Amino acid sequence: MSETPAAISVRDVTRDYRRSRTSLFRPGTSVHALRGVSFDVRPGERFGIVGESGCGKSTLLRILAGLDQPTSGSVVVDGTEISRLAERRLRFLRERLQMIFQDPMSSLDPRMRVRDIIAEPLVAQGVGGRQGRVTELLGAVGLQPDAGGRFPHQFSGGQRQRISIARALAPRPGILVADEPVSALDVSVRAQVLNLITDLVQDLSLTLIFVSHDLSVVRHVCDRVAVMHQGQIVETGPTREVYGNPRHPYTRELVSAVPSLRRALAGASAEDLAAATAGTTQAGPTQAGPTSGENR
Amino acid sequence: MSAAIGSAIRRDAAPAVLTVRGLNVTVRRTPLVQGVDLTVGPGERVGLIGESGSGKTMTALSIMGLLPEDVTATGSVRLSGVDHDLVGADERALSRVRGRDVAMVFQEPMTALNPTMRVGAQVAEAMLIHHTKPDRRHARTAAEALLDQVGLLNHAQAARAYPHQLSGGQRQRVVVALALANDPALLVCDEPTTALDVTVQALVLDLIVRGVTARNSAMLFITHDLAVVATVCERVLVMYGGRVVESGRVDEVFTRPRHRYTQGLIGASDLEVVDARGRLATIPGSVPAAGSFPAGCVFRNRCIYATELCATSPDWVGPNESDGFACHHPAGVPHV
Amino acid sequence: MNREEAVVRQPSTGGRRAGLRPNPSVIVGGVVAAGVVMMALVSFVWTPYDPTLVDASQRLLGPSARHWFGTDKFGRDVLSQILMGSRTTLFVGFVAVGVAAVIGVPLGIIAAMTPRRLGELLMRGNDLLLAFPALLLAIMFSAVYGASTLTAMIAIGIASVPSFARVIRSGALQVMGTDYVLAARSAGRRPFAIGVHHVLPNVSSLITVQVSVSFAIAVLAEAALSFLGLGTPPPTPSWGRMLQESQEMLFSAPRLVVFPGLAIALAVLGFNLLGDGLRDRFDPRLEDHR
């Protein structure tokens, strides 16, 4: 059996943060954002990462994109170990891997015209022929050619996400990393943007890593999924299996706590939803701090 | 037919908790909400569904008298137990109503809570302001009991916590406690669980439903999430372009939608149904900016069934504002 | 923030400036500041009299048709001095603020973009400078290099650096936390390019506000320095020095103190109002970008 080398290979990645001191004598406590994460993504695969806030998925993405370094462990992208490289050695990564962000408002520089935003990766990498490429990209994401001369605030949330996608595709990456790209969008816009993403991934044969807290979206988009909880991956597998037959208790809880139109019409009530969640969520004041429990 | 008469009789028997008639909201000559009628009966849980630009948030804010400076509302909003119209009422009159007859739960718990006050004290204060408890000691005891009811473990300890020491889900529970403190006749929730994790959302939704059921309070639940509305509410209104385009019982509207927008929305939100290419159903085009909706039927520039007839505003078809739709070519009706 | 709230917050979906309500501070401040600039421009072309012309026979005349503001103890026309003095005021203001901005803005941006420890260190150095009274700095400079307009400008400029650096740094920190900067890094942009193409444009409104406010402070500082004899030396007219020269006649000819004093007060007020008004206009916008 021939094994195609993994596009991305992550082994035992940890990421610790030092909190600021609260006492003069003892250093700040450590926050273990990632506690030994390992997984592989095959080329052309659509890989999903599902988890709630505080599970570490955003931290993981930054490390994958070379925007942060892990405390320990290894990350291999296209055969090259990137976890200890200096910025200037990461140049190749910038061409191979691009990210789409969650918030359509803050992911585009409000002072830049759309065509400059989209062309930025090309400028950074010294690629010519930018005008033509920008027009090509605008068309690929379903925007009018004259959109290039306008500013982000003149567009709706869904259109801004399209601009984000165009920017990400500019350097012709092989790997696309999407961090909650549709979470901030309305339902009908979400469907359009999801269609766009799946079309592009298919047409350009991209490897996709799709992160979301929304299980139904991940289920629709991805072939395989990893479920994250408190800095660790608790379950991985083909989407259908993980959702249809979850093995880890946290996955089971997650799957049954999602409100579903079908189940509601069949009689499921809020009480039924709540009954599915075991004791994983504490309801007393915790030391965990204000970020858990919120999607931001 | 008899069901309609039956519900009409029921409705006449018990006066509605919330009656909105002809609500129009404009900002500097741009209409945001047009001609909205809605009714919520005692103990009823009604959902208001819409996307950005639908006017649902402005409708909610009008009901609570919380419209921003340059936004004006006309029409009528009547609440049971309050002898004056809420539209156009002055701030003093409204502040007596808010927190007592009508209470709200917003999306962002941090903005509803005073960061410099312990949460127990905040709940107690809500009671004292509206004189539902005779003195501080009673209010404090009642506040702790309420925090226990909303599922905060160690409620005595929780009462002494500041908002920033609690998680998002815990804060939202406190906000729910605050809202229910004075047994309001109407609870208005605007996307109360959208910012919460799925597992926390399930618990908070259950909490809210139990809270209103125990007090026989009516509830108006505003969200964009169809599944949540179906789980929590009995009736639903669908808003688009500042108007109510369809309303009815949840199970009927979601299984047999009549307005084409409702139909499109249900289709777009169903991520399990895809075509041969694996694509989701979508509504063509995008929501126009406020003030740029087409004349006549607000949805016609995105509707594949639109004809010249749709240039005229469709009339409401249905026995009353709680059951009906406004569409020239509704779904489920043969040969239109 | 959903779409509906966005409609309410911004009056039109068009350009940024379109449709913004006129702000009284900006209007009043702008008019007064423009007035000072007009005075300076006019003085290049015409003044009623030569402000440096000493004429003992015309000493201490009251306001009249010939001398609208009267004359001072040397017989020089007061109005001419006021007109020409505005030049000094503006000149010092522009150069001082220019120095402050050229040093302070990059300092603030660099402090925001460097790793936390270094940034904090820079800010502590900044605070040291902030604690240093501008006047003391000016006195030191004058003692070493001799009193002149130039030393005044540079002293005031350096003294204004800390407030620039602080304000710009906090704005730059906000920008550095945005997703679009993250996207720029992911695109392969070098830090310098990010600073120039992303951070600078997005703190430009902060810079505008700070420039106006610092200008007002510079005007006041120049007057104070001239009053102490450390600013513009005679015979070049200067409002501050006019004050100093008229001190002894405070009771006998108060108008000689009132006119330059009023000029200083109005200029400071004008630029302050302009800065405040601009800040009000721009700050809510900054929040909208969160």
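A few points about this structure:
- Helices (runs of 4 or more DSSP H) within the stretch C:196-290 that include 2 or more residues among the basic types (Lys, Arg): C:255-288
- Yes/no for B:Glu125 being within 30 Å of B:Arg249 (Cβ to Cβ), modelled with pLDDT of 90 or more and acidic (Asp, Glu): no
- Residues satisfying the stated conditions in the stretch B:208-256, i.e. polar (S, T, N, Q), part of a helix (DSSP H, G or I) and under 28 Å from B:Gly296 (Cα atoms): B:Thr255
- Residue selected from the stretch B:53-82 under the condition of a type in the set (S, T, N, Q) and surrounded by fewer than 22 Cβ atoms within 10 Å (Cβ to Cβ), by the criterion nearest to A:Ser183 (Cα to Cα): B:Thr72
- Residue in the stretch A:157-164 that is farther than 28 Å from A:Ala7 by Cα, in contact (Cβ under 8 Å) with a residue 12 or more places away in the chain and out of contact with any helix residue (DSSP H, G or I) (no Cβ under 7 Å at 6 or more places or on another chain) present: yes
- Output for the stretch A:83-96, where each listed residue is more than 8 Å from every other protein chain (Cβ to nearest Cβ) and either closer than 24 Å to A:Ser212 by Cα or touching a Cys at 6+ places or on another chain (Cβ under 7 Å) (or both): A:Ser83, A:Leu93, A:Arg96
- Single condition A:Gly48 does not satisfy, out of (1) under 24 Å from the mean Cα position of the chain (by Cα); (2) loosely packed, with under 15 Cβ neighbours inside 10 Å: (2)
- Considering B:Cys303, B:Cys297, B:Cys327, the condition of being within 18 Å of B:Ala268 (Cβ to Cβ), touching a residue at least 12 places away in the same chain (Cβ under 8 Å) and in contact with a strand residue (DSSP E or B) (Cβ under 9 Å, 6 or more places away or on another chain) is satisfied by B:Cys327 alone.
Each row is one residue, and each column tells you yes or no for (1) within 13 Å of chain A (Cβ to nearest Cβ); (2) without any contact (Cβ under 8 Å) to a residue 24 or more places away in the chain.
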residue: B:Ala124; (1), (2): no, yes
residue: B:Arg137; (1), (2): no, yes
residue: B:Ala143; (1), (2): no, no
residue: B:Asp148; (1), (2): yes, yes
residue: B:Gln157; (1), (2): yes, yes
residue: B:Gln165; (1), (2): yes, yes
residue: B:Ala177; (1), (2): yes, no
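- Candidates A:Ala191, A:Ala147 - the one that is among the hydrophobic types (A, V, I, L, M, F, W, C), free of Cβ contacts under 8 Å to residues at least 12 places away in the same chain and within 14 Å of chain B (Cβ to nearest Cβ): A:Ala191
- A residue that is among the small types (Gly, Ala, Ser), under 22 Å from B:Ala185 (Cα atoms) and in a loop (DSSP other than H, G, I, E, B) occurs somewhere in the stretch B:93-111.
- Residues of the stretch B:257-269 classified as touching a strand residue (DSSP E or B) at 6+ places or on another chain (Cβ under 6 Å) and assigned to a loop (DSSP other than H, G, I, E, B), total: 2
- Tally, over the stretch A:55-96, of residues that are in contact with a Gly (Cβ under 6 Å, 6 or more places away or on another chain) and within 23 Å of A:Val123 (Cβ to Cβ): 5
- Criterion applied to B:Gly88, B:Gly81, B:Gly53 was being within 14 Å of another protein chain (Cβ to nearest Cβ), modelled with pLDDT under 90 and in a loop (DSSP other than H, G, I, E, B), and the one residue passing it is B:Gly53.
- Contact map, the stretch A:106-125: first residue within 8 Å of chain C (Cβ to nearest Cβ) and closer than 16 Å to C:Asn202 by Cβ, second residue buried (at least 24 other Cβ atoms within 10 Å of the Cβ) and of a type in the set (Ser, Thr, Tyr), Cβ cut-off under 6 Å, separation 6 or more or different chains; pairs are A:Ser107/A:Ser164; A:Ser107/C:Tyr180; A:Leu108/C:Tyr180; A:Asp109/C:Tyr180.
- Single match in B:Pro334, B:Pro314, B:Pro294 (criterion: more than 18 Å from B:Val46 (Cβ to Cβ) and modelled with pLDDT under 90): B:Pro334
- Every pair of residues 6+ apart whose Cβ atoms lie under 6 Å, when the first sits in the stretch B:51-62 and is in contact (Cβ under 8 Å) with a residue 12 or more places away in the chain while the second is surrounded by fewer than 24 Cβ atoms within 10 Å (Cβ to Cβ) and basic (Lys, Arg): B:Ser52/C:Arg3; B:Gly53/C:Arg3
- The one condition in (1) more than 14 Å from chain A (Cβ to nearest Cβ); (2) closer than 27 Å to B:Arg235 by Cα; (3) not basic (Lys, Arg) that B:Ala311 fails to fulfil: (2)
- Helices (runs of 4 or more DSSP H) contained entirely in the stretch C:115-184, each with at least 2 residues that are touching a residue at least 12 places away in the same chain (Cβ under 8 Å), over 17 Å from C:Ile103 (Cβ atoms) and among the aliphatic types (A, V, I, L, M): C:134-145, C:149-176
- Unmet requirement for C:Pro260, which otherwise passes all of (1) surrounded by fewer than 24 Cβ atoms within 10 Å (Cβ to Cβ); (2) in contact with a Leu (Cβ under 6 Å, 6 or more places away or on another chain): (1)
- The residue that is surrounded by the fewest Cβ atoms within 10 Å (Cβ to Cβ), counting only those in the stretch B:171-199 that are part of a helix (DSSP H, G or I) and modelled with pLDDT under 90, is B:Val198.
- B:Pro294, sole failed condition from (1) at the interface with chain A (Cβ under 7 Å from one of its Cβ atoms); (2) farther than 24 Å from B:Gly248 by Cα: (1)
- Criterion: of a type in the set (Ser, Thr, Tyr), within 30 Å of A:Thr239 (Cα to Cα) and not in a loop (DSSP other than H, G, I, E, B) - qualifying residue of A:Ser38, A:Ser107, A:Ser53, A:Ser83: A:Ser38
The values are calculated or read from the model by the stated rules, or taken from the named source; none is laboratory data. Not measured: the values here are computed from a predicted model. FYI the Cβ positions are ideal-geometry reconstructions off the backbone, even for glycines, and counts take in every protein chain you see.
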